[in-house]
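A.B. asks: What follows is a single structure, and I will ask about it in a moment.
The values are calculated or read from the model by the stated rules, or taken from the named source; none is laboratory data. Not measured: the values here are computed from a predicted model. Note that each Cβ is placed from the backbone with ideal geometry, even for glycine, and that neighbours are counted across all protein chains shown. Surface accessibility is based on the protein's heavy atoms, side chains included, excluding ligands, DNA and RNA. Shrake-Rupley method; radii C 1.70, N 1.55, O 1.52, S 1.80 Å.
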Amino acid sequence: MSFTSQIKSELCKIELKKQCCLRAECYGAWLFSKCFSVKESAFTTENVHVARRMLELAAAGAGVSPQMTYAVSRRKQPAYRVSLPEEQERLWLLKEFGHSGTEPSLRINRAALEDGCCQVAFLRGVFLVCGNATDPNKGYHLEFAAPYKNLAGDLYTLLGEAETFQINPSMVRRPGGYGIYLKDSGQIENLLTFLGATGASMELMQVRMYKEVKNNINRKTNFETANMDKTYSAAARQIAAIAAINDTIGLGSLPENLQELAALRLNDPELTLRQLGERLGISRSGVNHRLQKLLEIGERIIEEKGIDGVM
């Protein structure tokens, strides 16, 4: 089951106890179904729960009796076709929500949304018929597909006005309609919770947290690896320089404090500056200062003598 189907199946299980919310969800679902018209048309879905919800909403919320038949989706999958074959019932459905079917442009009738709870129910109905959400394991994207420009604009405004939480949707022209979408995981979680899909919201949150932990571990690992590479590179230069000194002028020609450090570095190339300092009884900065002197002497010899070394 896709993430979108999971969300819609969860939303279809919500029991509507208030008549105003039942009507609002019915209005949202049928308004965005592309068959909210005097002309006969149909809504097709592969989700049987959505198809049955459409029938129940129309009967209980508007007093009309749609029909459901089997069909084949664009993806050549078994699907369900919901329609109102009787013109009289199509006109009744429009009238129930303040439409005549002769409007020059289909818009959301705000008068049909009585209370704040109706807004939730309306948006839930809209998502059932035209909502889509990407699998959070692949990315964060939730979108409503609206068939008409003004209807899309009204939905965009309605989403932005939600009082329970703040979201910032975007709108884009799509082939055959318009998309109103969210790409922020936190806003998608809030919207799903707002609509009543708390299970899907929790799943998205868990995936997001897992990704964040994984990314933090990767960043830390990459940082530590880079530091190790830097340490080993510095140690290689130091050993090359000390070896050049030993093979030419000899370590005995160095001051005693440099001789001791040079011998220790050659014998134990993996020791860190702190560990070298502990062996010699000096500070880390003291070790670094002496190593810099050894590097200057050794690399000068390498350059003058033409000795192969790590520069």
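A.B. asks: Given the residues ILE297, ILE245, ILE239, which is the only one that is surrounded by 11 or more Cβ atoms within 10 Å (Cβ to Cβ), modelled with pLDDT under 80 and more than 30 Å from LYS183 (Cα to Cα)?
C.D. replies: Result: ILE239 is the single residue among ILE297, ILE245, ILE239 that is surrounded by 11 or more Cβ atoms within 10 Å (Cβ to Cβ), modelled with pLDDT under 80 and more than 30 Å from LYS183 (Cα to Cα).
A.B. asks: Any chance you could count how many residues in the range 40-78 are open to solvent by 50 Å² or more (accessible area, probe 1.4 Å) and either among the hydrophobic types (A, V, I, L, M, F, W, C) or outside any loop (DSSP other than H, G, I, E, B) (or both)?
C.D. replies: 12
A.B. asks: Within the range 162-188, take every residue that is free of Cβ contacts under 8 Å to residues at least 24 places away in the same chain and not in a strand (DSSP E or B) and give me the one that is nearest to MET202 (Cα to Cα).
C.D. replies: My answer is GLY186.
A.B. asks: Could I ask something else about it? Restricting to the range 266-277, count the residues that are at pLDDT 80 or above and surrounded by 14 or more Cβ atoms within 10 Å (Cβ to Cβ).
C.D. replies: The total comes to 4.
A.B. asks: Which of the residues that make up the range 132-152 are small (Gly, Ala, Ser), out of contact with any helix residue (DSSP H, G or I) (no Cβ under 7 Å at 6 or more places or on another chain) and surrounded by 17 or more Cβ atoms within 10 Å (Cβ to Cβ)?
C.D. replies: ALA152
A.B. asks: Mind telling me which of the residues GLU114, GLU161, GLU96 ends up being more than 25 Å from THR4 (Cα to Cα), of a type in the set (D, E, K, R) and surrounded by fewer than 17 Cβ atoms within 10 Å (Cβ to Cβ)?
C.D. replies: The match here is GLU114.
A.B. asks: To continue, here is another question. Does GLU89 qualify as being surrounded by 14 or more Cβ atoms within 10 Å (Cβ to Cβ) and not in a loop (DSSP other than H, G, I, E, B)?
C.D. replies: Spelling it out, GLU89 is indeed surrounded by 14 or more Cβ atoms within 10 Å (Cβ to Cβ) and not in a loop (DSSP other than H, G, I, E, B).
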